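Q: Dropping the structure in here first, questions after.
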Amino acid sequence: MLPRSEIAKAAGITLNPVAIVWSDKKPENALEFKKGVWSCVMWLFAKVAKEGRTAVFTRDTTTCAGGAMGLGYGRPFERHASRSDAGFCSFLSNGIEGAKDKKTYQAIIAESFDDHHRKMLTEGERFFKNPEIVGNFLDTLPIYYARDRFIVMKPVHEVEEGEDIKSIVFVANADQIAALSTLANYGHGNIRDGVIVAAGAAGCQAIGVCTYAESGSELSRAVVGLTDLSARKNVRTTLGKNVLTFSVPFNLYQEMEKNVQGSFLELDLWKELRDSG
C-alpha cells in the first residue's frame, strides 16, 4: 500500500486524497451505480473523499455522457438526452436557439423524458456562448478509451504498488489550494504553466482526462477543478460549498510528496494560515 499523504497532513487537508486507478480487476464491496440509471460521477467521488470508501465505474454503469468522457470511456454522445455530438453542442450552449438543424433538435426535445429535460434541452445550459464554441471545447478535451477496464476511486493510502494510477485528487479550501499550487511549482518556478484551471470542464473531466493528459509531460501540471456549477451543486451536501479539487498525475504527486520536507509547509507562515480556522 502507498503511505498516507504527507502533502495532506502538512496542508491540513482532512478529506481523503483520492486516487483514480484503471484496473482489470473489480474491487469487492465497492460503491457502484446501477446500470441504466443516470448518476453523477462526482456523487461517488465525494463519498470516497468524505467517507474513505472505494467506488468502481464501468462503461455500462457510467450513464452520464459527460462523466464517461471525464473518466475515459470515449465520447458516447448517444447516451445523452441530446442524442448526438451536434445536439450536445447545442445543449451545452444556447439550446434550440443555436441549433443548426432546428427541426431535428426540436424532435429530440419533443421526445425527451420529462418537462425538466425538455426545459434544459430548449434553453441549453449556457456554459458556452454557442455550439461552435462547444465544438472548440470538445476539440481540446482529451479523449481516452478505457473500454472494458474498471475505473476505481479510492483513498491514496489504499493503493497497492504497481497499480495503474491516473490521477491523485485533493479536495481543498482556498488556503489549501494556495499551498498546493505553491508546492506543485516548488521544484520548477514556472509561474504561468505550473497549474492550470479546467475552465468549462465538468468536475469529473477536470480530475479525470484533463489530469491524465498531464502524465508523462516534460512539465506535468496540476489541474484546479470543481469549477463546474452542476458538479458543485451535486457535491455541496457532502463536501461543503467552499472547496475546489486539485488533481495531479502520479509522477507530480510523487515529486510533491518528496518536496514537503524542507518546504514552506514546515514554516510558521503556513502553519498560522492552516491553523487559523
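The values are calculated or read from the model by the stated rules, or taken from the named source; none is laboratory data. Values in this document were obtained by computation on a predicted structure and should not be read as measured data. Using ideal geometry, Cβ is built from the backbone for each residue, glycine included, and neighbour counts are taken over all protein chains shown.
Q: Restricting the search to the range 1-41, which residues are outside any loop (DSSP other than H, G, I, E, B) and polar (S, T, N, Q)?
A: Result: Ser23, single match.
Q: Among what's in the range 61-86 and is without any contact (Cβ under 8 Å) to a residue 60 or more places away in the chain and not in a loop (DSSP other than H, G, I, E, B), pick the residue that is surrounded by the fewest Cβ atoms within 10 Å (Cβ to Cβ).
A: Glu78
Q: Still on this model: For the range 214-250: of the residues being assigned to a loop (DSSP other than H, G, I, E, B) and among the polar types (S, T, N, Q), which is nearest to the chain's Cα centre (by Cα)?
A: Among those residues, the one meeting the criterion is Thr227.
Q: Evaluate the following for Phe137: is it outside any strand (DSSP E or B) and of a type in the set (A, V, I, L, M, F, W, C)?
A: yes
Q: Restricting to the range 113-129, give me the number of residues that are among the charged types (D, E, K, R), at pLDDT 95 or above and assigned to a loop (DSSP other than H, G, I, E, B).
A: Adding up the residues that qualify gives 3.
Q: Can I ask one more? If we scan the range 166-173, do we find a residue that is of a type in the set (D, E, K, R), under 24 Å from Phe150 (Cα atoms) and part of a strand (DSSP E or B)?
A: Within the range 166-173, one or more residues are of a type in the set (D, E, K, R), under 24 Å from Phe150 (Cα atoms) and part of a strand (DSSP E or B).
Q: Turning to a different aspect of this structure: Out of the residues in the range 13-49 that are buried (at least 17 other Cβ atoms within 10 Å of the Cβ) and of a type in the set (D, E, K, R), which is farthest from Gly240 (Cα to Cα)?
A: Glu32
Q: Considering only the range 200-243, how many residues are surrounded by fewer than 23 Cβ atoms within 10 Å (Cβ to Cβ), of a type in the set (A, V, I, L, M) and either touching a Ser or Thr at 6+ places or on another chain (Cβ under 6 Å) or more than 22 Å from Glu163 (Cα to Cα) (or both)?
A: The qualifying residues number 5.
Q: So is Asn136 surrounded by fewer than 16 Cβ atoms within 10 Å (Cβ to Cβ) and among the polar types (S, T, N, Q) or not?
A: So Asn136 fits the description; yes.
Q: Something else: If you scan the range 209-254, which residues turn out to be touching a Lys or Arg at 6+ places or on another chain (Cβ under 9 Å), touching a residue at least 40 places away in the same chain (Cβ under 8 Å) and not hydrophobic (A, V, I, L, M, F, W, C)?
A: Residues satisfying the conditions are Thr211, Tyr212, Ser215, Thr238, Pro249.
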